[in-house]
Amino acid sequence: MRSYATDIGKRLIKYRWLYFLLIPGLLFFAVFRYIPIFGLSIAFMDYNQYNPDASKWVGFDQFVRLFSKNSFQPVLFNTLKISILKLICGFPIPIILALMMNEMRKLTFKKIAQTLLYLPYFISWVIMGGIIMNLLDPSTGLVTSIINQITHQQINVLSDKNCFVPMLIVTDIYKGMGWGTIVYFAAMSGIDPQYYEAAVIDGAGKLRQVLSITVPCILPTIVIMFIMSCGNILNAGFDQIFMLYNAQVYEVADIIDTYVYRMGIQRNDYAFSTAAGMFKSVVAFILILLVNQIAKRTGNEGIF
């Protein structure tokens, strides 16, 4: 036991600067992920925000109230619809982009393309929302003008129920696809070049090399990313929707996160909104366990 503690101490001293770099991340998770867990207890209370000591334990009454509300069913449906569409449409895009860019031979063009792809991810949805609203402005927006020229119809994407969800999916893919490619580039960098050399000797073309070498080698990374994406199935994108939606598209755009914000912040019903948020977290946890087990049973690596 003593030698084990000594080894840990020596390692901490030797790699002290690397461990020092962990501090901001650890503080973030401690403050915004672990400490708030204690606040979940109010989901089981009739919480009195003006006098917390007077709050009464009500068990699962808040959850019964949540599932019995007629307003919650369409919110849950919208959340699942938007999240699943984002997963189906957006998950393959970074993989395809990474495979395509991995075959680029002009280094200058490759670096420029990578920078242009990564840039939107580092722009907040506040700024991105303003850009999107300007581009989709019904009278002066560039994209709206192009759509009007093609369809010969005056379309307001931000207030049209049929167009709003596709717009959410397209803009979410555009913002996040560059960051996703970084993960797959890292996985591709670990592939042994001798595999490709042997494939060339055997007469394999570029497409065959991609399908027979690159994709199988990055498959564990794809599986792990898919498992993590399934854990976010009820995170339809609060920042994006909150910045872009309006009363005209509430019917198709109101999700659990905006519902929690409206009930908790605007109506001061903290216990009810906490119950809704806790329901989302429990579903995400169950999905991660389920998809992880399916991945392991099919011969792939899970996240644990």
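If you average the C-alpha positions of the stretch 11-32 and of the stretch 186-219 separately, how far apart do those two centres end up, in angstrom?
36 Å
Explain nothing, just the number: dipole magnitude of the chain about its Cα centre with +1 on each Lys and Arg Cβ and -1 on each Asp and Glu Cβ, in debye rounded to the nearest 20.
For this selection, approximately 760 debye.
Beyond a 18 Å Cα-Cα separation, which of these cross-linked pairs lie in this structure: Lys86/Lys110; Lys86/Lys206; Lys81/Lys161; Lys86/Lys175; Lys175/Lys206?
Among Lys86/Lys110; Lys86/Lys206; Lys81/Lys161; Lys86/Lys175; Lys175/Lys206, the Cα-Cα distance tops 18 Å for Lys86/Lys110; Lys86/Lys206; Lys175/Lys206.
Using only Cα atoms, what Kirkwood radius does the chain have, in angstroms?
Values: mean 1/r = 0.0432 Å⁻¹.
By the Kirkwood definition, the hydrodynamic radius is 23.2 Å.
Which residues in the stretch 103-117 place their backbone N less than 19 Å from a point set 7 Å from the Cα of Val200 along the Cα-to-Cβ direction?
Residues passing the 19 Å test: 103-107.
Got a sec? Which residues in the stretch 65-102 would a label at Ile191 touch, if it sits 7 Å along Cα→Cβ and we count backbone N under 15 Å?
95-102
If you rank Trp125, Trp17, Trp179 by fewest surrounding Cβ atoms within 10 Å, what's the result?
Listing Trp125, Trp17, Trp179 from fewest to most nearby Cβ atoms yields Trp17, Trp179, Trp125.
Give the residue from Ile8, Gly25, Ile37 lying farthest towards the positive end of the charge dipole for the stretch 1-59; charges sit on Cβ (+1 for Lys and Arg, -1 for Asp and Glu) and the dipole is referred to the Cα centre.
Farthest towards the positive pole: Ile8.
So if a site counts as exposed when it's one of the trypsin sites (Lys or Arg not before Pro), its DSSP state isn't H, G, I, E or B, and it has at most 16 other Cβ atoms within 10 Å, what's the longest stretch of the chain without one? Intermediate values should be presented prior to the final figure.
Values: sites that count: Lys69, Arg105, Lys106, Arg267.
For trypsin sites (Lys or Arg not before Pro) (loop position, at most 16 other Cβ atoms within 10 Å), the longest site-free span of the chain is 107-266.
How large is ³J(HN,Hα), in whole Hz, for each residue of the stretch 157-164 in order, when computed from phi with the Karplus curve 6.51 cos²θ - 1.76 cosθ + 1.60 and θ = phi - 60°, using x for Gly and Pro?
Along the stretch 157-164, the couplings run 4, 6, 10, 9, 4, 7, 9, 5 Hz.
Looking only at Ile37, Ile288, Ile191, which one moves most when the chain is put into a Gaussian network model with springs between Cα atoms under 10 Å?
The residue with the greatest mean-square fluctuation here is Ile37.
How high is the relative contact order of the stretch 170-283? Use alpha-carbon pairs under 8 Å, at least six apart in sequence, and give a whole percent.
Result for the stretch 170-283 is 18 percent.
Taking other Cβ within 10 Å of each residue's Cβ, how do Thr181, Thr115, Thr214 sort, fewest first? If you can, show how the numbers build up before the last one.
Working: Thr181 25, Thr115 10, Thr214 21.
Fewest-to-most Cβ neighbours within 10 Å comes out as Thr115, Thr214, Thr181.
Could you tell me how far the Cα centroid of the stretch 71-148 sits from the Cα centroid of the stretch 235-304, in Å?
What the calculation gives is 20 Å, centre to centre.
Since every read-out is calculated from the coordinates, none of them should be taken as a lab result. All of these numbers come straight from a predicted model, not from anything done at the bench. FYI the Cβ positions are ideal-geometry reconstructions off the backbone, even for glycines, and counts take in every protein chain you see.
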